[in-house]
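Notes follow once the structure below has been shown.
The values are calculated or read from the model by the stated rules, or taken from the named source; none is laboratory data. The structure presented is a predicted model; accordingly, all values stated were derived computationally and were not measured. Cβ atoms come from the backbone with ideal geometry, glycine included; neighbour counts cover every protein chain shown.
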Amino acid sequence: MSAAQAARFVEALAVANPAPKTELDFTSPYTLLVAVALSAQATDVSVNKATATLFAEAATPEAMVALGEEGLARHIRSIGLWKGKAKNVIALSQQLIEKHGGAVPPDRAALEALPGVGRKTANVVLNVAFGEEAMAVDTHIFRLGNRTGLAPGKTPREVEDGLMKRVPGSLLRDAHHWLILHGRYICKARLPECWHCVAREACNYGDKVLWPPGRAAK
Ligand code: SF4
C-alpha cells in the first residue's frame with residue numbers, strides 16, 4: 001500500500017472519530033499500567049469491572065503492595081490468567097517503589113524491565129499516559145495491518161514498524177486507538193463489516209463483505 005493510500009485509510013478513521021480514547025478505565029499512569037497488565041486475553045469490559053473496586057482500594061504502588069497478592073486476587077478472579085497477573089502486578093508495584101520512587105517511568109527500557117510488561121504494554125503506556133507516538137499491536141491491529149495491506153507483517157513487531165513508517169506523522173499519536181477500535185468493531189476477525197466501513201475505498205482486502213449476511217446485493 002502506498003503512503004498516500006495509507007494516509008487516506010487512517011484519515012477516514014480520524015474523520016469518523018476525531019477524539020478517540022482507550023476503553024480501559026484509569027486515573028493515572030499507574031492505574032493505566034495495571035489495567036493494561038490485567039487486560040491480556042481479557043475484554044476491557046471485564047477489566048473495568050474488576051478495577052472499579054480494585055482501584056477504589058489500591059490506586060498507587062504502595063497501596064497495591066499493602067493489599068498483597070491475596071487481596072488483589074479478590075478483585076480480579078473473574079479475569080483470565082488472574083493468578084499470574086496478580087503476581088506480576090504486586091512485583092511491578094514493588095519494583096516501581098524500589099527503583100522509580102513509586103512513579104511509572106516514561107521510558108521504554110524501564111517499562112519493559114517491569115515484571116509482566118512487554119513491548120505492547122509499554123507502547124500503550126507510552127502512548128496513552130505520556131503522549132508518545134507509539135503503536136501497540138494487539139490481535140486486532142495485527143489482523144487489520146495484514147488484511148487491509150496497511151502494514152503486512154509476520155510478527156507484531158513487523159506490523160508495528162510498518163505502521164510507524166506508513167501512518168502520517170500528524171496522525172501517529174492517535175492511530176493506535178483508531179486502528180484498535182476499527183478492528184474491534186468493524187474489521188472483525190470472522191466477518192469484516194465492509195458494508196459500512198469508512199476506510200473501504202483505501203483498503204486492499206480482496207474479499208470485502210459488501211452486504212450484511214442475509215441481505216443479497218441488488
Ligand atoms: S473494507 Fe472491510 S476489510 Fe477493509 S478495512 Fe474496512 S472492514 Fe476491514
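A few notes on this one:
- Sole exception among (1) assigned by TED's automatic domain parsing to the domain that holds Ala50; (2) out of contact with any helix residue (DSSP H, G or I) (no Cβ under 6 Å at 6 or more places or on another chain) for Ala122, by number: (2)
- Set side by side, the residues Glu69, Glu62 differ, and just one is out of contact with any His (no Cβ under 9 Å at 6 or more places or on another chain) and within 17 Å of Thr27 (Cα to Cα), which is Glu62.
- Top-ranked residue in segment 189-206 [being near the ligand (Cβ under 8 Å from one of its atoms) and free of Cβ contacts under 8 Å to residues at least 40 places away in the same chain; ranked as surrounded by the fewest Cβ atoms within 10 Å (Cβ to Cβ)]: Glu193
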